[in-house]
Amino acid sequence: MYQYYPILFASLLLGASHINAAPGTEPTTDFSQAEPGEALPGGATTHHKKINANAFSHASANMSFEREIDFKVGNGFFKRLWVTAPASTQAADGLGPLYNARSCQRCHLKDGRGHPPNGPDDNAVSMFLRIGIPPQTDEDRRLLAEHRVNNIPDPVYGTQLQDFAIAGHKAEYSIGIRYEEIPVTLADGTVVKLRKPTYTAEDLGYGPLHPEARLSPRIAPQMIGLGLLEAIDADDILALADPDDRDDDGISGRPNRVWSAEFNKVMLGRFGLKAGAPSVNEQSQGAFNGDIGISVPLNRSGAGECTAKQTACQEAPNGNSPQYDNLEADAQVVDLVVFYSKNLAVPARRDVDHPDVLAGKRLFYETGCISCHRPKYVTRSEGVAPEQKGQLIWPYTDLLLHDMGEGLADNRPEGVANGREWRTAPLWGIGLTPVVNGHSFYLHDGRARNLLEAILWHGGEAQAQRDAVVAMNAEQRAQLLRFVESL
Ligand code: HEC
Ligand code: HEC
């Protein structure tokens, strides 16, 4: 089920490249009609429910009735608004003291994605800044080299900035965002104005940041299909890696390697925007702790992400209670939330056979978007939950890290990922973002205001594909976008 370090090392040595793939999952070269299974991106988990704002909130379609009850209970915990401890209901207290939001759902809105503040009356709840500093000591360097940590924390602020605090405590900051317009002229003369953001940490509550602190903006990503991404065999992902670009296509692709506190070993990173977490479980427990300030089995501190220097925060009452294993969210609560998070179904594709969609598909494949946005996989058949077992899936990602150029760089490394690398974003469901979330803000920080802007921000390893889109005529561009919208 999980990647062992020696296997990872061996496959790096062998220099496995893009062209290797499990049989039956090579990208097609026939665009005359839709492929078998293509209309069901999540295999048998795919839902066919009505397309409306709830399109990302349905359970895996092949889930049994009994398990659907757990899914619904998990949904309740995903939406639960945590309150300050002590409270009369011990089951829901323990918020903060520092936090970004009071529930999972506040950021993963409608199980979809977050967004940057949209106009002066909006807030920045569904995004935050991660923070880190370069290694300062030999011990820091050892921890990073052994993949024991992904980051060296700011000594006062930790690895994430929280913009809220419970009554009587100071929030850490508020996010400052400035946009600068950058015009891009396409081959047919069309001018697209990109907005380039600059981020600052304002209103600091605990003194200055470390002088070398680096900030990384993150928008909450959509929640669909995550159990399927976890069910892809690690070897299938590693077979796509080409760290030294041996096939000479300008595209490398590197696996992140991160410490798993659950399995006590180094594993392939898959979740988070730089693939900094090995599993939905560890990403979710990290979210309870870092985003909401809730203690969980893998991080038992009732003070959330507050550091040893934040003494008032450390000493505040917490919600750890004996009836919940001296935690705020015990294993049972966490398991239900993780089960929910793994089973949000991907919606069926629309219009797979439409001539414009097929023409756009050809452009997507032949332009080389699929070098990173890898179309399809068959999930593992062993050690996987019944819903996710042995499914033909179409996530359009290789889950690898790619250098995306200076324009998208955050300059903050995370594990193996350097300051210019991001995990290829899965594209399934992306066309329904406006329906589910009422906006079309894309990329890791929501800077792109539509799909075309998202593509035009591609640089680094994706420079050639970006340039090919700039060179397209209006009809080809529309077809390419039509294909992406149909995902
Ligand atoms: C304050 C906003 C916020 C809250 C609250 C929040 N998340 Fe997230 N979530 C994010 C962001 C931002 C990311 C991307 C993180 C990264 O890149 O490190 C993310 C990533 C994830 C991912 C990985 C998705 C992927 O595509 O890799 C999962 C799973 C997840 N969150 C689950 C949860 C759960 C469960 C909760 C509640 C316990 C929660 N989140 C609460 C903002 C939030
Ligand atoms: C070198 C690898 C690579 C290539 C080639 C590539 N992409 Fe991407 N793509 C990425 C990565 C990495 C991201 C996430 C970047 C970020 O969030 O800053 C991304 C993000 C996106 C997004 C936004 C996803 C979201 O959820 O916000 C879209 C849309 C997209 N790519 C479409 C395309 C298209 C169309 C092409 C071909 C013209 C293409 N990409 C080529 C790596 C690639």
Notebook entry, point to check: Under 17 Å Cα-Cα from K361, which lysines qualify once same-chain neighbours fewer than 8 residues away are excluded?
Noted result: K376
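Considering only Cα-Cα distances, which of the following residue pairs are longer than 25 Å: K72/K274; K110/K265; K309/K342; K72/K170; K50/K342?
K72/K274; K110/K265; K309/K342; K72/K170
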Margin query: Which one, L400, I133, G431, projects farthest toward the positive side of the charge dipole computed for the chain from Cβ point charges (K/R +1, D/E -1)?
Written below: G431
Next item on the list: List the cysteines in the chain whose Cβ has no other cysteine Cβ under 4.7 Å from it.
Entry: C104, C107, C369, C372
Item checked: Phi to ³J(HN,Hα) by Karplus 6.51 cos²θ - 1.76 cosθ + 1.60 over the stretch 475-483, Hz, x for Gly, Pro -> 5, 4, 4, 5, 5, 4, 5, 4, 4
Checklist line | Additional length obtainable on full extension of the chain from E66 to E35, 0.36 nm per residue less Cα span | finding: 7.8 nm
Item checked: Kirkwood Rh, angstrom, the chain [1 / mean 1/r, Cα pairs] -> 23.1
Next item on the list: Enter the Cα centre distance for the pair the stretch 165-192 and the stretch 341-379, rounded to the nearest angstrom.
Entry: 29
Check: HN-Hα J couplings of the stretch 373-390 from phi, Karplus 6.51/-1.76/1.60, θ = phi - 60°, integer Hz, Gly and Pro as x?
Finding: 7, 4, x, 9, 8, 10, 6, 4, 9, 10, x, 10, 4, x, 5, 8, 5, x
Checklist line | Residue-span extension gain [D140 to S103] - 0.36 nm each, minus C-alpha spacing | finding: 10.1 nm
Item checked: Summed residue charge, Cβ within 12 Å of I177's Cβ, Lys/Arg positive, Asp/Glu negative -> 0
Next item on the list: Kindly write out, for the stretch 47-61 in residue order, the coupling ³J(HN,Hα) from the Karplus curve 6.51 cos²θ - 1.76 cosθ + 1.60 (θ = phi - 60°), rounded to whole Hz, with x marking Gly and Pro.
Entry: 9, 10, 5, 4, 8, 8, 4, 8, 4, 9, 10, 8, 6, 2, 5
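Given the -39500 (n - 2.57) contribution per DSSP H run of 4+ residues, what per-residue ellipticity at 222 nm results for the chain, rounded to the nearest 500 deg cm²/dmol?
So the helix-based figure for the chain works out to -6500 deg cm²/dmol.
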Notebook entry, point to check: When the accessible area of the chain is computed with all protein chains present and a 1.4 Å probe, what percentage of it is carbon and sulfur?
Noted result: 53
Notebook entry, point to check: If you take the beta carbon distance between E366 and N118 as r and set R0 to 30 Å, what does 1/(1 + (r/R0)^6) give as a FRET efficiency, to the nearest 0.05?
Noted result: 0.25
Notebook entry, point to check: Which stretch or stretches of the stretch 352-375 have amide N atoms under 20 Å from the point lying 7 Å from A471's Cα along the Cα→Cβ direction?
Noted result: 359-373
Next item on the list: Work through the residues other than E475 whose Cβ is under 14 Å from its Cβ and net out their charges, Lys, Arg +1 and Asp, Glu -1.
Entry: +1
Next item on the list: Leaving ligands, DNA and RNA out of it, work out the accessible area of D121 with a 1.4 Å probe and give it in Å² to the nearest 10.
Entry: 150
Next item on the list: On a C-alpha basis, how far is the centre of the stretch 419-441 from the centre of the stretch 225-278 in Å? Whole number, if you could?
Entry: 19
Next item on the list: Find how many whole Å separate the alpha carbon centroid of the stretch 454-475 from the alpha carbon centroid of the stretch 32-95.
Entry: 35
Notebook entry, point to check: In bins 5 Å wide, starting from 0, what share of all Cα pairs of the stretch 108-209 does each bin hold, as a percent?
Noted result: 2, 10, 14, 15, 15, 14, 13, 8, 5, 3, 1, 0
Notebook entry, point to check: Accessible area, 1.4 Å probe, largest first: how do W259, W422 sort?
Noted result: W259, W422
Notebook entry, point to check: Quick one: Debye curve from the C-alpha atoms of the stretch 359-457, no solvent, what's log10 I(q)/I(0) at q = 0.14 Å⁻¹?
Noted result: -0.68
Next item on the list: Kindly report, to the nearest 10 Å², the accessible surface of Y365 as traced by a 1.4 Å probe over protein heavy atoms only.
Entry: 20
Notebook entry, point to check: Using the heavy atoms of the protein chains alone and a 1.4 angstrom probe, what is the accessible area of the stretch 5-485 per residue in square angstrom?
Noted result: 40
Check: Probe 1.4 Å, all protein chains in place: accessible area of C107 in Å², nearest 10?
Finding: 10
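The values are calculated or read from the model by the stated rules, or taken from the named source; none is laboratory data. Computed from a prediction, not measured in an experiment: that's the story for all the values here. All Cβ positions, glycine included, derive from the backbone under ideal geometry; neighbour counts span all protein chains shown. Areas reflect the complete protein model, heavy atoms only, side chains present, ligands, DNA and RNA absent. Shrake-Rupley method; radii C 1.70, N 1.55, O 1.52, S 1.80 Å.
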